[in-house]
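Undergrad: Quick one: this structure, given as structure tokens, is what I'll be asking you about.
The values are calculated or read from the model by the stated rules, or taken from the named source; none is laboratory data. Just so you know, these numbers come straight off a predicted model, no measurement behind them. Cβ coordinates were reconstructed from backbone atoms using ideal geometry, including for glycine residues, and neighbour counts include every protein chain displayed.
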Amino acid sequence: MVTPLCAVALIIIFSNKPNLRESWTILASLIKFGLIVFMLPTILDGKVIECAIVTVLPGLDIKFKIDALGIFFALTASFLWILTSFYSIGYVRTLNEHAQTRYFICFAVAISATIGVAFSANMFTTYLFYEMITFSTYALVAHKETPEARQGAKAYFVFLFGTSVAFLLSAIFLTYYATGTLDFSNQGIFNDARGKGLSDIFLIVTFGLFIAGTSKAAMMPFHAWLPRAMVAPTPVSAFLHAVAVVKSGIFVVVKIVLHLFGINLLAELRLGIVLAYCASFTMIVSSVIALRQDNLKARLAYSTVAQLSYVIFGVALLTPSGITGSIMHIVIHAFGKITLFFCAGAIYVAAHKTKISELDGIGRKMPFTMVAFSLASLSIIGVPPLGGFISKWYLIKGVIEAGEIALIAVLVVSTILNACYFLPVVYKAFFKELPQGETTERKEAPALMVVPLVLTTAGTLLLFFVPSIFLDLAKMVVAGLN
Amino acid sequence: MKLIHEFPVLIIIIPLIFALIIPLVGRLNRILPWIIASTITFFCFLTSIFLLFTVLDTGKISYWLGGWEPPWGIEYVVDYLNAFVLAVISFIAFIVSLYSGRSVEAEINEDKQLAFYSIYMLFITGLLGIVITGDIFNMYVFLEITSLAGYAMIAMGRKRDALVASYNYLILGTIAATFILIGIGYIYMATGTLNIADLQERLPALFHSKMVLVALAFFTVGLSLKLALFPLHTWLPGAYTYAPSVVSCIMAATATKVGIYAMLRIIFGVFKIEFDIHFIPIANILIVVSSMAIIAGSAVAITQTNLKSMLAYSSVGQIGYIVLGAVLANQTAMTGSIIHILNHALMKGALFMVVGCIVYKTGIEDISGLRGMCKKMPFTMAVFTVAGLSLMGVPLTVGFVSKWYIAIGALNAGMGYLIPVIITGSLLSAVYIWRIIVNIYFPDELPEPELLYTDGGTEITDNDTYSEAPWSMLAPTMVLAVLCIYFGISATAPLSIAEKAAVMLSQ
């Protein structure tokens, strides 16, 4: 947690010496990952690490609790941070970006805030770090300082900060008022406080506020910030909009469902099913929108919107398999989508192309990148032997357990749509002729960028063959609920 | 008798005496008045801290002026509430005095500088007096001292508009004072005493008297005018905008806070909460009015282009929060309101001091003057960011703490519909603050910079050069910003005092 913040100081100090500055970033990411791995066995033993930092005011503490779900998310984020750090260095140096110091500082702050969300023990700490992510990534989205970047960043801020203050904060007020606590509990705070005579209407309103407030999860109609935030440099889009920002939003939703309300209560109020249908709507509609995008990053963005809703969908089923699937999808989608974004960035750096219609035959020029792209998109579609299959398998199992057969159709349609928007890109890259005047000579992006994306692709494969650590953690979460 | 026992009166007398001494000795040396003002306010600060700890140790302190026993003589009382407010006021006064040196040099005519320090001391005397006195007429007297000093200080602004603003304030301030005086007259007629403790005892029996009702009405209107509660705020924006920056700082951070203290003391201390709720619906009226203040003040702030008047309207909104917390009349909300006296003083003081620094360096008061200043004045801009985020109520800053208490208080009072008001207020403040923060760090177009020199191919322009305000201004500003964070992360210390004060008031 603190490591990246120390890194911030060092980055500032060494801002004039690029090599030294970047080595701090790398070092911090490695140390952080090391620390999290170090804690892993303890968590796998079924223990929980708790530590209270400071009492802001009576009843509101900044407190951390490292449990299976938290370490699951932290492990994903911190591992991908290492790769992104390398990739970022390659990207910003090749393009000779300005304000690199600010870039790395904000990156480090964002990642520590993400880990903060992962490890928080109560809703207040979560909220705190949730806002911190918004503020620190604002600078990254606005990084280019062009009018479009400013517009995008503005939309980003209005959506994320606006909804979190308007809805999430109100919901937190209501929660504290009704239950007198914000500490996450395994059965759900509201479930524990049933005896206090809370009316159904009150619970439904609060739940609605919570879901509307976590607009980082990009569920329609609160998704509009995500495509617009794609003005950011590609490593930012990759890491923040495939991992840190959106996944922390999703993570908060999962926390709300499991630890604030509790699956029993939501099942009783039938809110889970409502949420699942909302998520289905987002899945289908945003996939359709993705079909129509010619800008590669925009297509990926809408695909992200759809994929995030898979996670919400799974947890909203409120069944063990559904929850397992949805938690698995956090890591699987993270690996898949970060690869896709890395590829988009590599294409931009090597060939300065951003549109799908320009990608004819690019597979011959950038074979590594495009093979990675194909594998990652297959994983997202859910084809074995790639990670995506596992989460989809569990999700379908979850639907059957929940007895909502109609929802299987949703999954099927959505999968077909996924294939429709990814496969043409792959087809174009490998089977179409290069535009006239371009040679087939190999021209990959710098190694600093290609190696990370190859590694993340390997990750998606590995997740299919050896998902055990993640799967164990996901199962522990489910087991902990009872 | 030990000197320590005389502290409650010394805190008033010392600045009063030095208000007279400054014009005499100030002719000897130009910086002497500044040194005296800082020393004296520092003394006041130490004294008030001492009083605060004494109160926390031993409970209420009562001091009889001239040894005359109340209700015949004037009594000075220090309890949890005013010990807290005293500490806030004298701390801000000290910080602003430190800051004033260079700013006064730059913004006030040379022939008026001596007068400024003298009046400044009178102003502080008045503020501390209002807070410490236990006699309602004495309170009125100090209120007038503060107001008269305030009119004079505002009129010292560089522009001619300052005179108009000061005149406006003079008229409205006088009306307010008259209303308060009439209120005092009525309760004196009803009870025959002016001592606040006595009034507390005698009034409940007279709650059915029409005279007492009328007195409360007069007090409410008079005090609302003084503390600039919407829609009686019209004097405030002009006064803050055209006054010299130092004056805006001290007025924004302390004068309205003292007004709020007086309101708490009279409406909840002298009259009781049951009276405010059951006999006339004054609390309900004030809830509506203060909600309007939160929304309207913040909304109007968005439309302003002058930095100072934007902050002034934002103050109108923030005052709405304090009053709202107070009139919700339960312990939690009142704690929020009292803690917001400190919190708002910190953040608004810091913001106005930032404006002072910018005016000192560039002479620009417009919002556009901040464009791309992050390289030129990095520290000042960092302070602006921190204080601005506090104003938005972001967690880990003081703004969040008070907002939390007021919101939970509103829920406890069964008025959940006030949550949207509170939230809208902070969203609106996010609009006007964030707009500026973005402009500081991600400017859209910089004014054509002056090329200073070329350094190995990179052009170094006017916009990139570091040119920060002097340390005597910067350091106090940064102290406030650091406190904005410190009390946002660990609010337990001031909260425990505020909570005790709230318990005392709601009994």
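Undergrad: Would you check which residues across the stretch B:407-428 are of a type in the set (A, V, I, L, M, F, W, C) and within 10 Å of chain A (Cβ to nearest Cβ) and list them?
TA: If the condition is that a residue be of a type in the set (A, V, I, L, M, F, W, C) and within 10 Å of chain A (Cβ to nearest Cβ), then B:Ala407, B:Ile408, B:Ala410, B:Leu411, B:Ile419, B:Ile422, B:Ile423, B:Leu427 are the ones that fit.
Undergrad: Filter the stretch B:142-178 down to residues that are over 16 Å from the mean Cα position of the chain (by Cα) and of a type in the set (S, T, N, Q) and give me whichever is surrounded by the most Cβ atoms within 10 Å (Cβ to Cβ).
TA: B:Ser166
Undergrad: Anything in the stretch B:475-490 that is within 12 Å of chain A (Cβ to nearest Cβ) and in contact (Cβ under 8 Å) with a residue 12 or more places away in the chain? List them, or say none.
TA: Matches in the stretch B:475-490: B:Ile485, B:Phe487, B:Gly488, B:Ile489.
Undergrad: So, A:Thr339, is that one closer than 28 Å to A:Gly249 by Cβ, hydroxyl-bearing (Ser, Thr, Tyr), touching a residue at least 12 places away in the same chain (Cβ under 8 Å) and buried (at least 24 other Cβ atoms within 10 Å of the Cβ) or not?
TA: Here the answer is yes, as A:Thr339 does meet what is asked.
Undergrad: Limited to the stretch A:256-280, what total is found for residues that are hydroxyl-bearing (Ser, Thr, Tyr) and buried (at least 18 other Cβ atoms within 10 Å of the Cβ)?
TA: 1
Undergrad: Separate question: When you scan the stretch B:43-64, do you find a residue that is under 23 Å from the mean Cα position of the chain (by Cα), β-branched (Val, Ile, Thr) and more than 26 Å from B:Tyr140 (Cβ to Cβ), even just one?
TA: yes
Undergrad: Now a separate question. Just checking, which of A:Ala68, A:Ala99 is surrounded by fewer than 24 Cβ atoms within 10 Å (Cβ to Cβ), at pLDDT below 80 and small (Gly, Ala, Ser)?
TA: A:Ala99
Undergrad: List the number of the failed condition for A:Met283; all other conditions in (1) out of contact with any Phe, Trp or Tyr (no Cβ under 9 Å at 6 or more places or on another chain); (2) crowded, with 24+ Cβ neighbours inside 10 Å; (3) hydrophobic (A, V, I, L, M, F, W, C); (4) part of a helix (DSSP H, G or I) hold.
TA: (1)
Undergrad: Also: Return only the number of the condition from (1) without any contact (Cβ under 8 Å) to a residue 60 or more places away in the chain; (2) more than 10 Å from chain B (Cβ to nearest Cβ) that A:Phe207 does not satisfy.
TA: For A:Phe207, the exception is condition (1).
Undergrad: Let me ask something else. Test A:Phe207 against the stated conditions and say whether it is in contact with a strand residue (DSSP E or B) (Cβ under 8 Å, 6 or more places away or on another chain) and crowded, with 22+ Cβ neighbours inside 10 Å.
TA: Taking the combined requirement at face value, the residue does not satisfy it.
Undergrad: Only one of these is at pLDDT 85 or above, within 25 Å of A:Ala306 (Cα to Cα) and of a type in the set (Ser, Thr, Tyr): A:Ser164, A:Ser170. Name it.
TA: Of the residues listed, the single one that is at pLDDT 85 or above, within 25 Å of A:Ala306 (Cα to Cα) and of a type in the set (Ser, Thr, Tyr) is A:Ser164.
Undergrad: Also: Grab the helices (runs of 4 or more DSSP H) fully contained in the stretch A:387-482, keeping just those with 1 or more residues being polar (S, T, N, Q) and in contact with a Ser or Thr (Cβ under 9 Å, 6 or more places away or on another chain).
TA: A:387-402, A:406-431, A:447-465
Undergrad: Another question, then. What number of residues in the stretch B:316-338 are of a type in the set (A, V, I, L, M, F, W, C) and within 24 Å of B:Ile302 (Cα to Cα)?
TA: 5
Undergrad: If B:Ala345 satisfies every condition in (1) surrounded by fewer than 24 Cβ atoms within 10 Å (Cβ to Cβ); (2) among the hydrophobic types (A, V, I, L, M, F, W, C); (3) within 30 Å of B:Glu468 (Cβ to Cβ) but one, which is the exception?
TA: (1)
Undergrad: I'm trying to understand the selection: among the residues of the stretch B:213-251, which are without any contact (Cβ under 8 Å) to a residue 40 or more places away in the chain and crowded, with 23+ Cβ neighbours inside 10 Å?
TA: B:Ala215
Rundown of residues vs (1) within 19 Å of B:Leu232 (Cβ to Cβ); (2) surrounded by fewer than 21 Cβ atoms within 10 Å (Cβ to Cβ); (3) within 16 Å of the chain's Cα centre (by Cα), yes/no style:
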{"residue": "B:Gly259", "(1), (2), (3)": "yes, no, yes"}
{"residue": "B:Met263", "(1), (2), (3)": "yes, no, yes"}
{"residue": "B:Asn284", "(1), (2), (3)": "yes, yes, no"}
{"residue": "B:Ile287", "(1), (2), (3)": "yes, no, no"}
{"residue": "B:Ser298", "(1), (2), (3)": "yes, no, no"}
{"residue": "B:Thr335", "(1), (2), (3)": "no, no, no"}
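Undergrad: Still on this model: Among the residues of the stretch A:216-232, how many are within 14 Å of another protein chain (Cβ to nearest Cβ) and either part of a helix (DSSP H, G or I) or on the phi > 0 side of the Ramachandran plot (or both)?
TA: Here the count works out to 1.
Undergrad: Another one. Quick one: would you say B:Glu75 is charged (D, E, K, R) and surrounded by 19 or more Cβ atoms within 10 Å (Cβ to Cβ)?
TA: Judged against the criteria, B:Glu75 is a match.
Undergrad: Considering each residue of the stretch B:391-401, count those that are within 10 Å of chain A (Cβ to nearest Cβ) and assigned to a helix (DSSP H, G or I), and give that number.
TA: 3
Undergrad: As an exercise: evaluate B:Ser337 against (1) of a type outside the set (Asp, Glu); (2) assigned to a helix (DSSP H, G or I); (3) within 14 Å of chain A (Cβ to nearest Cβ) and give the number of the one condition it does not meet.
TA: Failed condition: (3).
Undergrad: Let me ask another. Inside the stretch B:378-392, can you point out the residues that are among the polar types (S, T, N, Q) and under 16 Å from B:Met473 (Cβ atoms)?
TA: Across the stretch B:378-392, the qualifying residue is only B:Thr380.
Undergrad: Write out, first by first residue and then by second, each pair whose Cβ atoms fall under 9 Å of each other, whose residues are 6+ apart or on separate chains, and whose first residue, in the stretch A:146-165, is more than 8 Å from every other protein chain (Cβ to nearest Cβ) and more than 13 Å from A:Leu226 (Cα to Cα) while the second is outside any helix (DSSP H, G or I) and among the β-branched types (Val, Ile, Thr).
TA: The qualifying pairs are A:Thr163/A:Thr214; A:Ser164/A:Thr214.
Okay, residues lined up against (1) more than 14 Å from every other protein chain (Cβ to nearest Cβ); (2) touching an Asp or Glu at 6+ places or on another chain (Cβ under 7 Å):
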| site | (1), (2) |
| --- | --- |
| A:Phe38 | yes, no |
| A:Asp45 | yes, no |
| A:Ala52 | no, yes |
| A:Val56 | no, no |
| A:Asp67 | yes, no |
| A:Ala77 | yes, no |
| A:Leu80 | yes, no |
| A:Thr84 | yes, no |
| A:Ala99 | no, no |
